[in-house]
Structures are given as C-alpha cells and as structure tokens.
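Any read-out appearing in this document is the output of simple, stated calculations on the displayed coordinates, not a laboratory observation. All values reported here derive from a predicted model rather than from experimental measurement. Using ideal geometry, Cβ is built from the backbone for each residue, glycine included, and neighbour counts are taken over all protein chains shown.
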Amino acid sequence: MARPADRSFTPRRPTRASVSGREAIEFLSWHSRITTDSPESFHAMLNAVVFDDMTITRLRHTPATVERTRQLVDSLVVGSTLIFVKTGLLWVSQGDSSFELTAGSVGILSGYEPYTFVNPEPVDATLVVLRRGAFAMNGLPGFEQEARLLRSTSLSRSTSLLLEGLSADFPRPGSVEGTATQRAVQHLLIGILLGSHEENSRVDKRNAATIAQAMVFMAANSGKADLTTADIANASGVSIRHLQRILAATGTSIAQVLRDNRLRAACGLLVDEAWKTSTLEHIALASGFGGAGRMRRTFQTAYGMTPAEYRANPPSGTASALQPVPSPPGR
C-alpha cells in the first residue's frame, strides 16, 4: 500500500534511451513540457535509475525550454531536485528565484512549485530527484522549499564526478550495492547543502550531523534483530533521549527507520533469485525481524499483504517496489 507521494519512486531497473524529434518531446512529456524552435531536430539521451527514495538521471539534450507545470508538479509529487551541470548552460527560474548554471555548478529546486529551464546550447547534466520529506528525515526540514544556486565546493565537484560515473552502469535497485549507493548519494547531498549554508545556516548542523550518523549506522545494522536504541545512540555520540527528540522533530523515529529498512531488505530478498529457495524464517532473520511471525505482522500492517503473497505476486518494478505506510500516531 503505497502513499500517494510514493508513486514516482517505484524502483525500476536502470534505463537508457536515445530519442529524437517529436518522439523525444513526447517521451519526456510525463515529467516536463518541452518546447523548441525546431522540434524535428530535438535530441535527448538519458540514463536513469529509480530507487525508493530518489531518482538519478543523466540527461543530455539539444537547446530547448523545459517546463515543470503546475499540473505536472501535482501529478509527480516529488521533493527537491539537485542539478549537476557537466557541460553547457542552463537558465533556471522558479517563483522569485532565477539563476544560471554553467559547467561545474550545482543548483537546487523545490518539488512544490513549477519551474523552467532554458538551455540555449546543448547541455549535459545529472539530476537527482528526492522523495518529499527526504531532507526532513535527515534533520534538514527547510531545504525542500529552496530554489537557488549552491556554492561550489570540492564535495560538490566530487559528487558530480561520482554521479557521472554511476550513470555509466547504475546498480540495480534493491540490491546491496543499490541500497548502499542510494544512502551514500543522499548523505553526500546533505553535505553539499550544509556546506552551502556554512555562513548563514538555517539548521542546527550538530543535530543534522547526528541524524545523518544515526541513519548511516541504522542502514548498516538493521539486519541485526538485537539492535537496541542504546546501540544507535552510542554510535551517534548522543543520549537516547536526545536522539529520540531530534528524530521526532523531523517526523520520524528509530523504530520507524528500522522498520522501513527491514521491510526494504525483506522485499528485496523475497524476489531475489538467489533466495528463491530460502524459507520465510530465513529471510526474516536475514532482514532483522528476528522471526517469520514478526515479519508477517509488519508486512500486513505496512502493505496489506503477507510476505508469502508478496513473493508469489510481487508488484511491478523490482525489489522493494512497495513503500511502507506511516506508523500510526503514538508508535
């Protein structure tokens, strides 16, 4: 049972496309309205992958105006978009903000408002689109409304090179490599944003760093059924009470993060060919649930189906295509 805001983040295997003319304009129309003086000569190449918290797209296309209309904003339901320009020029406008992106620069756009790109020359850029709430989950609630040019740093340049390299051979969503890639990219983006606000920060950087550290530790250790709140707090260098408080301020909790991580892991194993002969008990233990009974109850609460039903008839896309529903209030 996916939330409405999840429909743009059903994991899909990496996709490559090279399209031209009006076919290319139509091909991209699901996320942007494209206009150009010469539709027949328009050409676009893209490499893309959809994870459960973000999409990464390497996009190269000839001169055009690219618009995210209000209708598309309401339809897609995404969070921030970060744009890393390798070559070319982009004039970007959203609301009251307008800025220019040149080779080597990075910009951020809000997923809540329409925007326009104009590239008067061919452009090669990588776009990272995040799920709504992704920054808030990591202690950065104010960033989703931003539209501006970010400060160029060694971290932003290194991240751009990493994304470019990944686009040549994206890892499969749901795999160990894919999950690690998604988490690593997310934390690199957090570092870029914090670095860009170094002189005039609107967030508590210490809390943001603590949350990031806790998220990384939980992602790496969710498979341990005996993992405790004290373990996570100790790894994050703060008290249990402080960690619970700063996570609650971003709308999540230790229990919710661990549950979501374990559900993603279980979904991946349930449809993994290498695990097709494994019992549900074995998968539950490997995912961190501690037993098949607990995994079954969590699945039914989150998805409205059992692990056995998911395994027999997985949703379209790839591993972990379902997304956990929010925990009931008070949990």
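Once the C-beta distance of Gln256 and Asn234 is scaled by a Förster radius of 30 Å, the resulting FRET efficiency is 0.90 to the nearest 0.05. Given a Förster radius of 30 Å and the C-beta distance between Ser158 and His43 as r, what FRET efficiency does 1/(1 + (r/R0)^6) yield to the nearest 0.05? With a Förster radius of 30 Å, E is 0.50. If you compute volume of the Cα convex hull per residue in Å³ for the structure shown, which of (1) 187; (2) 132; (3) 157 do you land on? Structure-derived value, by its label: (2). Identify which of Gln71, Gln186, Gln244 has the largest mean-square fluctuation in a Gaussian network model of the chain, with springs joining Cα atoms closer than 10 Å. Looking only at Gln71, Gln186, Gln244, the biggest GNM fluctuation is shown by Gln71. In plain terms, the bigger the Kirkwood radius, the slower the diffusion; for segment 69-173, with that radius from Cα pairs, at 10 °C and 1.306 mPa s, Stokes-Einstein puts D at 110 µm²/s. The angle separating the long axis of helix 240-249 from the principal Cα axis of greatest extent in the chain is about 40 degrees. When Ile240, Ile254 are arranged by Cβ crowding within 10 Å, least crowded first, meaning fewest neighbours, the order is Ile240, Ile254.
Once you have a ≥ b ≥ c as the square roots of the Cα gyration tensor eigenvalues for segment 45-125, tell me rounded if a/c is under 1.5, and otherwise prolate or oblate according to whether a/b is larger than b/c. Verdict is oblate for segment 45-125.
Centroid-to-centroid, using Cα positions, segment 78-106 and segment 242-312 are 37 Å apart.
Simple point charges give the picture: +1 on the Cβ of Lys and Arg, -1 on the Cβ of Asp and Glu, and for the chain a dipole about the Cα centre of about 1020 debye.
A dipole drawn for segment 4-195 from +1 and -1 charges on Cβ atoms has a positive end, and of Thr181, Asn47, Ser167 the residue lying farthest that way is Thr181.
Rounded to the nearest 20 debye, the dipole size of segment 205-312 about its Cα centre is 380 debye, using +1 on the Cβ of Lys and Arg and -1 on the Cβ of Asp and Glu. Per-residue extension of 0.36 nm, minus the Cα-Cα distance of Arg294 and Gln71, leaves a gain of 76.1 nm for this segment.
Comparing Ser253, Ser38, Ser287 in a Gaussian network model of the chain, where Cα atoms under 10 Å apart are tied by springs, the biggest mean-square fluctuation is seen for Ser38. Taken about its Cα centre, segment 4-195 carries a charge dipole of roughly 400 debye when the Cβ of each Lys and Arg holds +1 and the Cβ of each Asp and Glu holds -1.
Placing a pseudo-label 7 Å from each Cα along the Cα-to-Cβ vector at Trp275 and His187 gives an inter-label distance of 2.2 nm.
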